[in-house]
Every structure is written in structure tokens, then in C-alpha cells.
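**Student:** Attaching a single structure in C-alpha cells format; questions to follow.
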Amino acid sequence: AIVTTVWGGGMGQRPMFVFTAKTRQGSGKTATALAIADVVGGAFLMDPKAKWAENAKAMMSSERWAARVILWDNVKGRFGGDNIEAAVTAPSITGWQAYTGTISRLNDVTQFVTLNDPELSPDLALRSVEIRIGAPKHGVQFIDWARKYLAQHRLAIIADSIALLQSQPVCVIKHTDRFGAWQRDV
């Protein structure tokens, strides 16, 4: 997920990352997603209860309209829908910008979603990679530690990600899906 946010591959070529945990609440799903997003400047927070058009308008009208990460946080129940599914793989994202009108941006976005009981639409499930968070360590405030660590090591994390992307592949993937370029590069 970290390397994907730095990857310069094609537009609409990134899977959605689904953060889950066996221990449910308090495991650090949101903290982990936000920490990864902070590597590339943070995330735009989407409202999982709002329609796609409302979310796109809110994003395009905010100062975070060019964010490299979109976060759907604390999703309840079934998640998906034509517009969300399309937003994962479309070459551009279109929305209404206040005082301007309809605008588009290139879809170099990595989408994150946090939820306790994953229930994705079948098409969205095919466009997703699950990251399962382990049990929380009592007495550790992960988000505080992560923010401090990132403040000190952000450039090294980005440099390591770029070095990894420029290195020779460790294995050759013979069978790819709609994310073939991502699977080969990342």
C-alpha cells in the first residue's frame, strides 16, 4: 500500500486497499491507513453514507482535491456501487468544483477503506486487496508513534519506495488481471 501511493503507473491502475481486523474496533485500521496516507501528504476523507456525486463535489471543491489517497473510513454494511467501482479503475475522476463547474483530475489515487466486517460488492472485491491488521498492543498509541516516525523518516520511506520500484523484479508474474501493470511494477 505504501509503495502503491508512490507508484507512477497508469491512471486507474491501482487496486483499492481494504483494511480489516479480526479484533474489530480498536485494532488500528484507521490509524494505519492514515499513517500510510501521510507518507504522500495525507488523505481526502470520503463520506461512506453520501452518494458518489456528493463525495466527488466535496473532494473537487476542497484544497485536498489532488490528494494521492482517498479514505473511506469506518464503513458499515455492504460497500460498493457502480460509481465507486468505476472510480477505482477509471482513468480520471470527475466532480463539481465550486465557482468553476465540472472538472476532472487524473486518477492516480489509491483508495483505502476501513471496515470491520468486509462486505464488498462482487466487482469491488475483484478490485481490492485486503490488509488484515493484527491485534492491538496495549499501551501503544500507534497513531502518535507513526506520526512521529513519519516526521523523521518520510523522505527515506519515499526514497526506499522509489528504489524498490526501480529494482529488478524478485519474481515474474505469469497471470495478471486488470491490475497487470501494478502487479508487475509494485
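The values are calculated or read from the model by the stated rules, or taken from the named source; none is laboratory data. Small disclaimer: the values here were computed from a predicted structure and weren't measured. For neighbour counting, all protein chains shown are included, and Cβ atoms are generated from backbone atoms with ideal geometry for every residue, glycine included. Areas reflect the complete protein model, heavy atoms only, side chains present, ligands, DNA and RNA absent. Shrake-Rupley method; radii C 1.70, N 1.55, O 1.52, S 1.80 Å.
**Student:** Go through Gly139, Gly95 for me and flag whichever is open to solvent by less than 50 Å² (accessible area, probe 1.4 Å) and not in a helix (DSSP H, G or I).
**Tutor:** Just one listed residue meets the conditions, Gly95.
**Student:** Given the conditions (1) on the phi < 0 side of the Ramachandran plot; (2) assigned to a loop (DSSP other than H, G, I, E, B); (3) of a type outside the set (Phe, Trp, Tyr), which single one is not true for Gly41?
**Tutor:** All conditions pass for Gly41, except number (1).
**Student:** Next question. When the residues of the range 1-17 are filtered to those that are under 16 Å from Ala35 (Cβ atoms) and either in contact with a strand residue (DSSP E or B) (Cβ under 9 Å, 6 or more places away or on another chain) or among the acidic types (Asp, Glu) (or both), which remaining residue is most open to solvent (accessible area, probe 1.4 Å)? Don't jump to the end; show me each part of the working.
**Tutor:** Here is the first cut: in the range 1-17, the residues under 16 Å from Ala35 (Cβ atoms) are 1-6, 17.
The next check asks that each one be either in contact with a strand residue (DSSP E or B) (Cβ under 9 Å, 6 or more places away or on another chain) or among the acidic types (Asp, Glu) (or both); those that pass are 1, 4-5, 17.
Working: Ala1: 31, Thr4: 0, Thr5: 1, Phe17: 7 Å².
Checked the range 1-17; the qualifying residue most open to solvent (accessible area, probe 1.4 Å) is Ala1.
**Student:** Which pairs do you get when a residue that is β-branched (Val, Ile, Thr), found in the range 174-186, comes within reach of a residue that is at pLDDT 80 or above and surrounded by 14 or more Cβ atoms within 10 Å (Cβ to Cβ), reach meaning Cβ atoms under 8 angstrom, with the pair 6+ apart or on two chains?
**Tutor:** Thr176/Gln183; Val186/Val3; Val186/Thr4; Val186/Trp7; Val186/Gly9; Val186/Leu165
**Student:** Is it the case, given these coordinates, that Gly26 is surrounded by fewer than 21 Cβ atoms within 10 Å (Cβ to Cβ) and over 13 Å from the mean Cα position of the chain (by Cα)?
**Tutor:** yes
**Student:** Here's a follow-up. Which numbered condition in (1) surrounded by 13 or more Cβ atoms within 10 Å (Cβ to Cβ); (2) under 19 Å from the mean Cα position of the chain (by Cα) is the only one that Asp117 fails?
**Tutor:** Checking Asp117 against (1) surrounded by 13 or more Cβ atoms within 10 Å (Cβ to Cβ); (2) under 19 Å from the mean Cα position of the chain (by Cα), the one that fails is (1).
**Student:** Quick one: count up the residues across the range 46-65 that are within 16 Å of Asp108 (Cβ to Cβ) and either part of a helix (DSSP H, G or I) or open to solvent by less than 60 Å² (accessible area, probe 1.4 Å) (or both).
**Tutor:** 3
**Student:** Based on what the data block shows, is Asp108 open to solvent by 50 Å² or more (accessible area, probe 1.4 Å) and either closer than 22 Å to Trp7 by Cα or not in a helix (DSSP H, G or I) (or both)?
**Tutor:** The answer is no for Asp108.
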